[in-house]
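Structure record follows, encoded as structure tokens.
The values are calculated or read from the model by the stated rules, or taken from the named source; none is laboratory data. Please read these numbers as outputs of a predicted model, since none were measured by experiment. Cβ: placed from backbone, ideal geometry, glycine included. Neighbour counts: every protein chain shown. Only protein heavy atoms, including side chains, enter the accessible area calculation; ligands, DNA and RNA are left aside. Shrake-Rupley method; radii C 1.70, N 1.55, O 1.52, S 1.80 Å.
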Amino acid sequence: MTDNTRDILPVIENENENRYLYSLKKMADQNMNANLSYLTGLPNLRAFFYQAAEIMRANRDHTFALLVLDIAHFKALNEFCGWDAGDKLLVYISEYLKTYEGPMTAMFHFRADCFGLLVPFENKDELTAIAQNICAKIEAYPIAYRVLPSVGICIATGPEMPISALRDYATMALQTIKGKFYAKYAFFDESMRQQMLLEKQIENEILDALSTDQLQAYIQPKVDMSTGDIIGGEALIRWIHPEKGIISPGLFLPVLEKNGLIIDVDFHIWTKVFAWLSKRLKAGQKAVPISVNISRMHFFDNAFREKLVMLSAEYNVPPPLVALELTESAFLNNADSIYDNLQQLRSLGFALSMDDFGTGYSSMTMLKNQPVDEIKIDKGFIDDIEDDQEQIIVSSIVNMLKALNKRIVVEGVETQAQRNFLLEQNCLHAQGFLYYKPMPISEFEALLDRDS
Ligand code: C2E
Ligand code: MG
Ligand code: MG
């Protein structure tokens with residue numbers, strides 16, 4: 001290689017690179033056209049991800065934030081005012097967003113009513129102002145419908161932050177306020193991130209927990225307070241985590257309800273209960289009815305009823321040995337199919353138990369139409385049983401439930417005073433720490449064997 005060529009080579013390389021970059025850009029531009037919303041002309045998410053990443057990386061000395069905008073009940077607005085009117089509103093919003101167009105901004109329009117705006121900023125107040133302006137502009141739109149915009153904001157941690165994460169976090173912030181007329185915008189913050197990490201972790205670990213038998217059924221005995229006899233039990237899930245120890249359902253069930261895994265997890269617990277009852281029955285040992293909890297999510301599972309019927313047949317356990325606990329609000333869902341499913345299960349012999357009675361919106365008159373055998377009075381009703389007013393309320397509830405011929409179980413009995421008061425009301429059945437805490441099945445078994 002001569003000195004001459006050494007001088008020339010880099011030039012040729014540059015030319016090639018330029019050509020290469022040019023064709024990439026051209027491809028991207030062409031793609032961009034295919035990636036614009038036909039209605040508003042704003043880039044779709046894919047195009048936005050590309051543009052936003054480019055902008056953030058090319059302007060490393062700036063801080064960026066993403067604002068994600070959504071209209072509450074936009075579908076209803078479409079129905080109410082017509083799709084044309086809905087489309088016009090979307091175009092109006094996009095026109096306003098376009099006023100922010102510049103070399104360091106990017107925006108998107110995704111699905112019907114979801115918009116995003118990436119902007120550089122110096123002071124958080126600038127972001128608040130943008131969010132407020134967007135909302136004010138939208139609320140001022142002349143339409144015969146109350147338009148409720150909300151904005152979620154996430155500040156980028158740096159130029160390399162993946163745009164997908166930025167969008168996820170801004171959306172998460174948005175979810176915390178969506179549809180609330182008193183809150184227009186929310187910043188993504190650390191607690192939301194922690195919550196999200198926790199949810200992701202639970203999602204990642206739960207399948208493993210299922211397959212390695214970390215999800216156990218504990219049982220809390222139900223007792224007859226007049227004799228102290230164990231008359232049944234309630235199966236309560238416990239996650240026996242190899243590192244974290246025992247995790248309470250309050251921590252992980254809400255996540256499973258969100259992602260639908262509760263369907264599998266509940267089935268796992270029911271199976272354990274049927275298997276245990278079956279074992280006791282086969283061995284000719286004492287068995288008492290065990291309640292299982294049924295998440296509302298099962299109403300979206302077509303196989304819900306068959307699963308319970310199948311378990312009863314497979315394990316040869318008569319349905320009266322298994323009671324189904326559903327929260328009050330689940331009963332109040334008046335879809336016919338749900339009502340039919342419950343009614344059929346009941347006619348097969350499963351007892352239906354209304355859990356957490358008094359925490360929802362049911363009234364006594366509603367109760368008379370419900371296919372319910374047992375009512376579990378929520379702990380909240382007896383927490384301050386020394387209080388006169390509370391005594392009046394509890395005794396009236398107990399009397400009315402008795403008149404309606406419902407079995408009553410009082411949850412969360414912790415003190416002798418509560419016990420005495422309930423016994424005075426001739427309310428005998430309870431579940432509470434005064435008697436027993438939830439325990440592993442083996443301990444429950446030992447209790448039953450001791451009693452028999
Ligand atoms: P729940 O069905 O109302 O169960 C009663 C809860 O009250 C249990 O909490 C129990 O440990 C607690 N408890 C009972 N007596 C006392 C007492 O005297 N004092 C106090 N402070 N608490 C008492 P746990 O086990 O944490 O379960 C919480 C909720 O999680 C349950 O409320 C139920 O809604 C749900 N859950 C538990 N296991 C399952 C399951 O396998 N599937 C479904 N879908 N939900 C479950
Ligand atoms: Mg329960
Ligand atoms: Mg309860």
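Structure notes:
- In segment 375-398, the qualifying residues are those that are under 30 Å from ASP336 (Cα atoms) and more than 27 Å from the chain's Cα centre (by Cα), and the one that is nearest to ligand 3 (Cβ to nearest atom) is ILE397.
- Scanning segment 252-267 for residues that are out of contact with any Leu (no Cβ under 6 Å at 6 or more places or on another chain) and either free of Cβ contacts under 8 Å to residues at least 12 places away in the same chain or within 9 Å of ligand 1 (Cβ to nearest atom) (or both) yields LEU253, PRO254, LEU256, GLU257, ASP266.
- Count of segment 217-243 residues which are farther than 23 Å from GLU424 by Cβ, more than 16 Å from ligand 2 (Cβ to nearest atom) and in a strand (DSSP E or B): 3
- Qualifying residue in segment 196-214 (condition: assigned to a strand (DSSP E or B) and among the hydroxyl-bearing types (Ser, Thr, Tyr)): no
- Boolean, ASP229 is over 18 Å from MET297 (Cα atoms), touching a residue at least 40 places away in the same chain (Cβ under 8 Å) and acidic (Asp, Glu): yes
- Of the residues in segment 336-344, none is small (Gly, Ala, Ser), within 28 Å of VAL288 (Cβ to Cβ) and open to solvent by 20 Å² or more (accessible area, probe 1.4 Å).
- From the options ILE393, ILE385, residue that is of a type in the set (Val, Ile, Thr), open to solvent by 40 Å² or more (accessible area, probe 1.4 Å) and more than 22 Å from ALA330 (Cα to Cα): ILE393
- Of note, ILE237 does not satisfy the criterion of being more than 16 Å from ligand 3 (Cβ to nearest atom) and closer than 16 Å to LEU324 by Cα.
- Single unsatisfied condition, GLN431 versus (1) over 19 Å from GLU234 (Cβ atoms); (2) polar (S, T, N, Q); (3) in contact (Cβ under 8 Å) with a residue 60 or more places away in the chain: (1)
- Taking (1) surrounded by fewer than 16 Cβ atoms within 10 Å (Cβ to Cβ); (2) within 20 Å of LEU42 (Cβ to Cβ); (3) of a type in the set (Lys, Arg) in turn, LYS137 satisfies each apart from (1).
- Looking only at segment 396-425, residues that are open to solvent by less than 50 Å² (accessible area, probe 1.4 Å) and either in contact with an Asp or Glu (Cβ under 7 Å, 6 or more places away or on another chain) or basic (Lys, Arg) (or both) come to 4 in all.
- Within segment 50-69, tally of residues that are in a loop (DSSP other than H, G, I, E, B), exposed (fewer than 14 other Cβ atoms within 10 Å of the Cβ) and either touching a Pro at 6+ places or on another chain (Cβ under 7 Å) or at pLDDT below 95 (or both): 1
- Of all residues in segment 44-57, none are over 23 Å from TYR169 (Cα atoms) and touching a helix residue (DSSP H, G or I) at 6+ places or on another chain (Cβ under 8 Å).
- Restricting attention to segment 210-234, the residues being within 16 Å of ligand 3 (Cβ to nearest atom) and surrounded by fewer than 18 Cβ atoms within 10 Å (Cβ to Cβ) number 0.
- Scanning segment 146-162 for residues that are surrounded by 17 or more Cβ atoms within 10 Å (Cβ to Cβ) and under 23 Å from LEU77 (Cβ atoms) returns VAL147, LEU148, PRO149, SER150, VAL151, GLY152.
- For segment 292-331, a residue qualifies if it is open to solvent by 40 Å² or more (accessible area, probe 1.4 Å), within 16 Å of ligand 1 (Cβ to nearest atom) and among the aliphatic types (A, V, I, L, M), and exactly one does: MET297.
- Those residues of segment 163-209 which are exposed (fewer than 13 other Cβ atoms within 10 Å of the Cβ) and touching a residue at least 60 places away in the same chain (Cβ under 8 Å), in sequence order: SER164, GLY179
- Pairing each residue of segment 392-404 that is under 17 Å from PRO371 (Cα atoms) with any residue that is exposed (fewer than 13 other Cβ atoms within 10 Å of the Cβ), provided the two are 6+ apart or on different chains, yields C-beta distances under 9 Å for MET400/MET364; LEU401/MET364; LYS402/ASN426; LEU404/MET364; LEU404/LYS368.
- As a summary of the residue check, ASP378 satisfies the conditions (1) closer than 18 Å to ALA323 by Cβ; (2) at pLDDT 95 or above; (3) within 15 Å of ligand 1 (Cβ to nearest atom) except for the one numbered (2).
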